[in-house]
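Peer 1: Structure provided below as structure tokens; questions to follow.
The values are calculated or read from the model by the stated rules, or taken from the named source; none is laboratory data. What you see is a predicted model; the values in this text were computed from it and never measured. Cβ: placed from backbone, ideal geometry, glycine included. Neighbour counts: every protein chain shown.
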Amino acid sequence: MTKIAIILGSTRPGSAGKAVGSWVLEHARQRTDAEFELIDLTEVDLPPIDEPMPPALGRYTHPHTQQWADTVAAYDGYLFVTPEYNHSYPGSLKNALDRVYAEWNNKAAGFISYGVDGGVRAVEALRPVAASLQLADVSAQVTLNLRTDFDGFGATFTPGAHQTGALTAVLDQLIAWSTVLASLRVAPTSATL
């Protein structure tokens, strides 16, 4: 069964990301074509990058990095839930992405953003990073506007009815791509070398 991680990119106390992530997980778990798990970066021990070697070498020396590598490796695809901070995404998410390398390769990524303008610039900044990690990003995305999808400018999450359709489109593409890309991650056998 295809496994998808829903990664909450914000570690800010009181972040709207938890409500958005819960909404995503509730809808995703109604599906039978993949398994979904929520990963909250506030619960992951990821200090600023402290590895002596570049992640592309895969020589992780710290237990927290190896644990994160194992977590990332366990999934076929990722759905990133991110706010927009200053026309980009949070440093906590950048740190999580930059921490490991091969574990992201040949997998799919989808995006759910939120902010004053739906968080679109956060996703624009994420797409080239995903590409450099060999993550195939799907085109559909959910953009949640703090003015219309939240009561009290972010206080209470109340997504518009159309957002469920947008989420379904993201999940459809993400699961399809994650499933197809799995064949690229099969280790070669001695007969194919």
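Peer 1: Counting just the residues of the range 48-94 that are touching a Gly at 6+ places or on another chain (Cβ under 9 Å) and closer than 26 Å to A182 by Cβ, which one comes out surrounded by the most Cβ atoms within 10 Å (Cβ to Cβ)?
Peer 2: Result: V81.
Peer 1: Which members of the range 1-26 meet the condition of being exposed (fewer than 15 other Cβ atoms within 10 Å of the Cβ) and closer than 18 Å to A169 by Cβ?
Peer 2: E26 - this is the single residue of the range 1-26 that is exposed (fewer than 15 other Cβ atoms within 10 Å of the Cβ) and closer than 18 Å to A169 by Cβ.
Peer 1: Pull out all pairs, ordered by first then second residue, where Cβ-Cβ is under 8 Å, the residues are six or more apart or on different chains, the first lies in the range 1-12 and is under 13 Å from D76 (Cα atoms), and the second is part of a loop (DSSP other than H, G, I, E, B) and aromatic (F, W, Y).
Peer 2: Hits for this filter: K3/Y75; I4/Y75; A5/Y75.
Peer 1: Here's something else I'd like to know. Could you please let me know if L97 is surrounded by fewer than 19 Cβ atoms within 10 Å (Cβ to Cβ) and either in a helix (DSSP H, G or I) or of a type in the set (G, A, S) (or both)?
Peer 2: no
Peer 1: Just wondering, is there one or more residues in the range 125-146 that are part of a helix (DSSP H, G or I), among the acidic types (D, E) and either farther than 25 Å from T32 by Cα or touching a residue at least 24 places away in the same chain (Cβ under 8 Å) (or both)?
Peer 2: No, the range 125-146 contains no residue that is part of a helix (DSSP H, G or I), among the acidic types (D, E) and either farther than 25 Å from T32 by Cα or touching a residue at least 24 places away in the same chain (Cβ under 8 Å) (or both).
Peer 1: N105 is checked against (1) closer than 22 Å to A122 by Cβ; (2) more than 12 Å from the chain's Cα centre (by Cα); (3) not small (G, A, S) and fails just one. What number does that condition carry?
Peer 2: For N105, the failing item is (1).
Peer 1: Is it the case that some residue within the range 164-182 is surrounded by 17 or more Cβ atoms within 10 Å (Cβ to Cβ), at pLDDT 95 or above and not in a helix (DSSP H, G or I)?
Peer 2: no
Peer 1: So, in the range 23-37, how many residues would count as being of a type in the set (S, T, N, Q) and touching a helix residue (DSSP H, G or I) at 6+ places or on another chain (Cβ under 9 Å)?
Peer 2: Here the count works out to 0.
Peer 1: Kindly establish whether G160 is part of a helix (DSSP H, G or I) and either surrounded by 21 or more Cβ atoms within 10 Å (Cβ to Cβ) or over 18 Å from the mean Cα position of the chain (by Cα) (or both).
Peer 2: Answer is no for this residue.
Peer 1: Now for a different question. Any residue at all in the range 111-129 that's polar (S, T, N, Q) and within 13 Å of the chain's Cα centre (by Cα)?
Peer 2: Yes, there is a match, as at least one residue in the range 111-129 is polar (S, T, N, Q) and within 13 Å of the chain's Cα centre (by Cα).
Peer 1: So, in the range 42-71, exactly how many residues are assigned to a helix (DSSP H, G or I) and closer than 17 Å to G21 by Cβ?
Peer 2: Matching residues across the range 42-71 total 3.
Peer 1: Right, here's the next one. Restrict the check to the range 105-121 and report whether at least one residue is touching an Asp or Glu at 6+ places or on another chain (Cβ under 6 Å), crowded, with 21+ Cβ neighbours inside 10 Å and assigned to a loop (DSSP other than H, G, I, E, B).
Peer 2: Taking every residue of the range 105-121 in turn, at least one turns out to be touching an Asp or Glu at 6+ places or on another chain (Cβ under 6 Å), crowded, with 21+ Cβ neighbours inside 10 Å and assigned to a loop (DSSP other than H, G, I, E, B).
Peer 1: So, of the residues in the range 1-31 that are of a type outside the set (V, I, T), more than 23 Å from R147 (Cβ to Cβ) and in a loop (DSSP other than H, G, I, E, B), which turns out to be modelled with the lowest pLDDT?
Peer 2: Only one residue fits best here, namely M1.
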